[in-house]
Amino acid sequence: MEIRGKSAIITGGASGLGAATVRRMVAAGARVIIADLNEEAGVALASELGEAAHFVATNVTDEAAVKATVRAARDHHGGLDIVVNCAGIAIAEPIFGKKGRHDLQRFARVIQVNLIGAFTMIAVATEAMAQNEPNDLGERGVIINTASIAAFDGQVGQTAYASSKAGVAGLTLPAARELARFGIRVASIAPGLFETPMLAGLPEAARLSLGQQVPFPSRLGRPEEYAALVQHIVENVMLNGETIRLDGALRMAPR
């Protein structure tokens, strides 16, 4: 799908991987809804990018809020062609340890945001995309989700996060198969260790140490590299139903 002139929603678009994707899509000629809970950062990014970007406060766990965000894409940009689900949270908590067992509400919250939130956006966006006129290749839309290498290499303490991201990877193929009849492609990216707000709080020495675990390049991934893959998936019609690891050949150890 050609990006220029298309309408996109990027969840978690105010920072990290999402913000880099917003910038990449706008640079490629898209009009973008920055969907995030961080109003200050979202409004600042929209102001920086001008008329091509609008911020919409979005809680992906709230169906009404997701519907309002899709309506905003229609109202501001005339429709919806591309969705990139970057919104997510992470916790580290053992199933059972010195402080007792894993808190069930915190486990459920991670699943609610990372997996159910992504599915809610997929379902609501599909309803809008299915009304689009197909392009010359028969495409009506592209949906890209964010999984994680934790889906495959989850570490000790990552049961909630790894479960949620495994769910994202698991829904990719059946969603792509189901939505093929509408000309809507679905793919996912599974990033490795990236320079994101989730790692920003670590000391510099710790971040350098994490980066050195990556076989090549031996550093943390850059959000711009994630965004570049998003662009390629959108533009390459044969990329469908796949979860692509973006990790420099990293395979996480148990701890």
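What follows is calculated from the coordinates using simple rules that are stated; it is not laboratory data. Bear in mind that the values here come from a model prediction, so they are computed numbers and not experimental data. Ideal geometry is used to build each Cβ from the backbone, glycine not excepted, and the neighbour counts take in all protein chains shown.
Numerical summary
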quantity: Test: residue in the stretch 224-239 that is of a type outside the set (Gly, Ala, Ser), over 30 Å from Ala28 (Cα atoms) and touching an Asp or Glu at 6+ places or on another chain (Cβ under 9 Å); calculated: no
quantity: Those residues of the stretch 17-28 which are crowded, with 23+ Cβ neighbours inside 10 Å, among the small types (Gly, Ala, Ser) and farther than 8 Å from Ala227 by Cβ, in sequence order; calculated: Gly18, Ala19
quantity: Unique match (being surrounded by 15 or more Cβ atoms within 10 Å (Cβ to Cβ), touching a Gly at 6+ places or on another chain (Cβ under 8 Å) and either under 20 Å from Glu127 (Cα atoms) or free of Cβ contacts under 8 Å to residues at least 12 places away in the same chain (or both)) among Val70, Val60; calculated: Val60
